[in-house]
Protein chains: 2
Amino acid sequence: MEKNGFKMFCPVESYSGEVILLGHGSGGTLTAKLLNDYVFSAFGNEFLDKKHDGAIFQANGRMAFSTDSYVVSPIFFPGGNIGDLAVNGTINDLAMCGAMPKYLSLSFILEEGLPIEEFTCVIQSIRQAAIEAGVSIITGDTKVVEKGKGDRIFINTSGLGEVHPAADIDVNRIKTGDRIIINGNIASHGISVMSLREGLEFETSIVSDTTNLNYLIFDLLEAFGSDVKLLRDPTRGGVSSVLNEIAGQLQTEILIDQRSLPIAEEVESACEMLGLDPLYIANEGLFICFIAEPSAEAALEFIRRDPKGKNAALIGRVGGAVGKGRVVMESRIGGKRIINSLPGEQLPRIC
Amino acid sequence: MEKNGFKMFCPVESYSGEVILLGHGSGGTLTAKLLNDYVFSAFGNEFLDKKHDGAIFQANGRMAFSTDSYVVSPIFFPGGNIGDLAVNGTINDLAMCGAMPKYLSLSFILEEGLPIEEFTCVIQSIRQAAIEAGVSIITGDTKVVEKGKGDRIFINTSGLGEVHPAADIDVNRIKTGDRIIINGNIASHGISVMSLREGLEFETSIVSDTTNLNYLIFDLLEAFGSDVKLLRDPTRGGVSSVLNEIAGQLQTEILIDQRSLPIAEEVESACEMLGLDPLYIANEGLFICFIAEPSAEAALEFIRRDPKGKNAALIGRVGGAVGKGRVVMESRIGGKRIINSLPGEQLPRIC
C-alpha cells in the first residue's frame, strides 16, 4: 500500500483480533499450524519442505557467512518495515564481503499478543525482499515470549553467499591515496524512523533507503575486480563510525570532504531540526567503497549508472600513517575537524 | 562453579554495578568497547579478527545450515545457562542433519540494565561449549533494547556443518519395520528449568541434559551409514511432538512402548508432582534415531558405549500406513493410546 508516494507506516487496515499466543512457540500443534498457515506457504521451497532441523545445500569455493538481529522500533516505518530490513540488511552484509547472497535463515522472537495481521504483513515483506534479492529462505525458527518480555517482533537473519572470484576485500590492502566512494544520499533511514518515532510530521516525505545492494556490488566486482579493496555498509553509527573503525584498523588518517557528501535537502533540514549530525545516522541502502586511485573516477561513473547509485560521490581518500587512526573532515567553509566515532547512543533501535 | 553436584543457577557472586547500556548497541564507540573487552577476547580467531560484516570460509561438498533463537527463562538453570544451550542446541540441529558442525554465528539481543557479570558469564559458557563441540564462532551481532522491551538476554546462533559422506538422512527413506532409538533419559531439561521457575525445591538435583551430540552422531554415521534414516532432537514439544511430526509426514503409524522409554525416577516423580507428561517435556541432549531393523540392536549397543548414550533404548518401531499419521503408545499395563502432539503451551520459554 502506498500513501503520499511512500509505503504506509502500518499497512494493516483492519484487525481480526487473532494474535500470537505463547502456544505458537511451543513446538507443538499451534507452532505447526502457524508455520503451515503463514510461513511455509510464503517461502515454500525444496529445503523448507523437508521440515527438518536444518537445510542441506551444495557448496564449492569461497562462501561468506553473516548474521544480524533486527529490533527496529517501530516495526513499520516510511519506506519499509522490519521484514524487508531484515532481508536487505543481511544481504548487504554478504555483499560487503564480495559475495552474491544465496541462502538465508529466518528466526522470529514474537511477543505474545502481536496481531496476526502484522505478522503476516512482515512475512510478505520478507518474501518480496527475498525474491528481489534472489535468495531462498531455507531454514528457520519461531519463538514466542510473554507480553512485556519482548517488543512485537524481533528477527534474526543469517545468510550465506558465494564470494565473487575476483573479490579480494581486505582492509589490509588499503593504501595511502586510495579513494572512497559512497553510492548515495546519507541519513535517510535513521531520519525516517526517528521522525516517525518522535511523532514529527515533516512536510516532506523522508523514506528509509532500505534496499538490496548485491547486484550493484556484483557488477562493480565484475568490472573492477581487486581494485575494490574494501566495502562496508554504514548502518548503525553511520558513515563516521564505519570510517573510524577502518581508520583505527589501519592506523592511518582518512580524509573526507563535507562538500562532496551527498545528502537530500529535506534530510539535512530534518537533522538540523532534530539536532542530529547526519554522519552518525544509520543508512540501509548505502555502501562505502575503498578503491585504488586509478579506477576511482571510472568506478564512480559506473556506480552512477545504476539507479541505486545515481547520487554516488567520491567523498574522500586515505591519508598517510599518523600513528593512530582518525577521520578528518574538511568542512564546507574550509576548516578541518576530527570526526569521532559515535560516542554513546544517538538513535536506539534503528535497525 | 558447582553446588550440590551441579552448576549453580546464577554463578555470579558479586555485582560491580556495571550494566548493559543502550549505547552498547549503537554501533559506535561503546559497541566497539563491549566487543573488544568481552567478545573478541573470548572468541578471537582469524575470521573475527577481520572485524568485517561477515566471515569468508572455504566450502566443498554438502553443507548443513541451521538457526535457532534462544529465549529460555531464567537464563541460568541447573546444569547450564542460555549460553551453552544456544551453542549445543544449534550444534545438535546440525548433527541431526548428519553434519559435523564447523562454524557458528552469534547474535545477542540484550536488555538495557543486564549486569555485565551475567553477560560475561554467558559469554564464557558459550566459549566453553564451542570449544567442546569443536566449532568456531566466526561472525556475530549485538543489539540492545530498552529495559522492559526484552528479557535480560536473547541469543541467536546459526550454524554450518559438513555433512558426513555416508549420511542419507531423509524422512522419506523410512519404511515399515524401521526401529526407533533414543539415546537417554527424557524430560530432564524441561523439568530442571520448570522446577527452578516455579520455585520448587526438589530434594533431588534434576539438571538439564544440555550437551553436544555431534561426536556421537558422527561415530554413529561412520559405523552405520545410510542405515540411519532419520535423526531428530526432541527439544520443544518433547518426544511426542517430534514423533507426531514424523508420523504426519509419513502418513503412517509410529508405535512406542512406554516400558522402554528411559526416564530418571526423580524426573518422573517431579512430572507427577507438577502434573506434566514427560513425553511433552523438552530435552537438550537427546536424539531420536530411525534405523533399519537389521542394524537396530547393534546401533543400540554402539550408542550405549558412549557416556551420552548409556541409557539408550529401543523405544518403538514404524508401523504400516493407516491413512493418516499417528503415534500409538503401549502403556506399562498393556493398554494402547494415541499420543497427540502438544496441543497448546505447556512450558513456555524452555529453550
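Anything over 26 Å Cα to Cα? Flag those among B:Lys50/B:Lys149; B:Lys175/B:Lys336; B:Lys33/B:Lys149, in the order listed.
Working: B:Lys50/B:Lys149 32 Å; B:Lys175/B:Lys336 22 Å; B:Lys33/B:Lys149 23 Å.
With Cα atoms farther than 26 Å apart: B:Lys50/B:Lys149.
Of the trypsin sites (Lys or Arg not before Pro) found in the range B:72-147, the ones in coil according to DSSP and having at most 15 other Cβ atoms within 10 Å of their Cβ are B:Lys147.
To the nearest 100 Å², how much accessible surface do chains A and B hide from each other in total, with a 1.4 Å probe?
Working: alone 15740 and 15720 Å², together 25560 Å².
Using a 1.4 Å probe, the pair buries roughly 5900 Å².
Largest mean-square fluctuation among B:Glu253, B:Glu284, B:Glu46, in a Gaussian network model of chain B whose springs join Cα atoms under 10 Å apart, belongs to B:Glu46.
Please give the net charge around A:Thr210, taking every other residue with its beta carbon less than 10 angstrom from that of A:Thr210, where Lys and Arg add +1 and Asp and Glu add -1.
Details: positive: none; negative: A:Asp84, A:Asp209, A:Glu284.
That works out to -3.
Considering only A:Asp170, A:Asp84, A:Asp151, the Gaussian network model of chain A with Cα springs below 10 Å gives its largest mean-square fluctuation to A:Asp170.
Here B:Tyr280 sits with roughly 40 square angstrom of accessible surface, probe radius 1.4 Å.
Place a point 7 Å from Cα of A:Asp277 in the direction of its Cβ. Which residues in the range A:317-351 have their backbone N less than 11 Å from it? Backbone N within reach: A:327-329, A:337-344.
Roll a 1.4 angstrom probe over the protein heavy atoms and tell me the percent of accessible area of chain B that is carbon or sulfur.
Values: 6170 of 12770 Å².
Summing carbon and sulfur atoms, their accessible area is 48 percent of the total for chain B.
Estimated from the Cβ-Cβ distance and a Förster radius of 25 angstrom, the FRET efficiency linking A:Ala42 and A:Cys10 is about 0.85. The long axis of helix B:238-250 is offset from the longest Cα principal axis of chain B by roughly 60 degrees. Protein heavy-atom accessible surface, 1.4 Å probe, per residue over the range A:171-338: 40 Å². Counting only other chain Cβ atoms within 10 Å of each residue's Cβ, the peptide B:151-159 averages 6. Distances from A:Pro307 to itself in the other copies, using label points 7 Å out along the Cα-Cβ axis, amount to 6.1 nm in increasing order. For the protein assembly as shown, state what percent of all Cα-Cα pairs lands in each successive 10 Å bin, counting from 0 Å until the bin that includes the largest distance. Each 10 Å bin holds this share of Cα pairs: 3, 15, 26, 25, 17, 9, 4, 1, 0, 0. The Rg/Rh ratio of the range B:240-351, with both radii computed over alpha carbons and Rh defined as the Kirkwood radius, is 0.96. For the residues A:Gly190, A:Gly17, A:Gly248, a GNM of chain A with alpha-carbon springs under 10 Å puts the largest fluctuation on A:Gly17.
Just counting partner chain Cβ atoms within 10 Å, what average do the residues of peptide B:163-175 show around their Cβ?
On the way: counts 4, 0, 0, 0, 1, 0, 5, 3, 3, 1, 0, 0, 0.
The shielding value for this peptide is 1.
Accessible area per residue was computed with a 1.4 Å probe on protein heavy atoms; B:Lys50 scores about 110 Å². For chain A, take the longest principal axis of its alpha carbons; what is the angle in degrees between that and the long axis of helix A:214-224, to the nearest 10 within 0 to 90? The helix A:214-224 is inclined about 30 degrees to chain A.
Label points for A:Asn172 are taken 7 Å from Cα along Cα→Cβ. From this copy to the others they lie 4.7 nm apart, shortest first.
The calculated FRET efficiency for the pair A:Ser269 and B:Val322, based on their C-beta separation and a Förster distance of 51 Å, comes to about 0.15. For the range B:171-338, the convex hull drawn through the C-alpha positions has a volume of 110 cubic angstrom per residue. Here is the list for the range B:243-351: trypsin sites (Lys or Arg not before Pro) lying in DSSP coil, each with at most 13 other C-beta atoms within 10 angstrom of its C-beta, are B:Arg305, B:Lys310, B:Lys324, B:Arg332.
The values are calculated or read from the model by the stated rules, or taken from the named source; none is laboratory data. Here the structure is a predicted model, which means the values were calculated and not measured. Using ideal geometry, Cβ is built from the backbone for each residue, glycine included, and neighbour counts are taken over all protein chains shown. The protein model used for the area step is the full one, side chains on, heavy atoms only, and it has no ligands, DNA or RNA in it. Shrake-Rupley method; radii C 1.70, N 1.55, O 1.52, S 1.80 Å.
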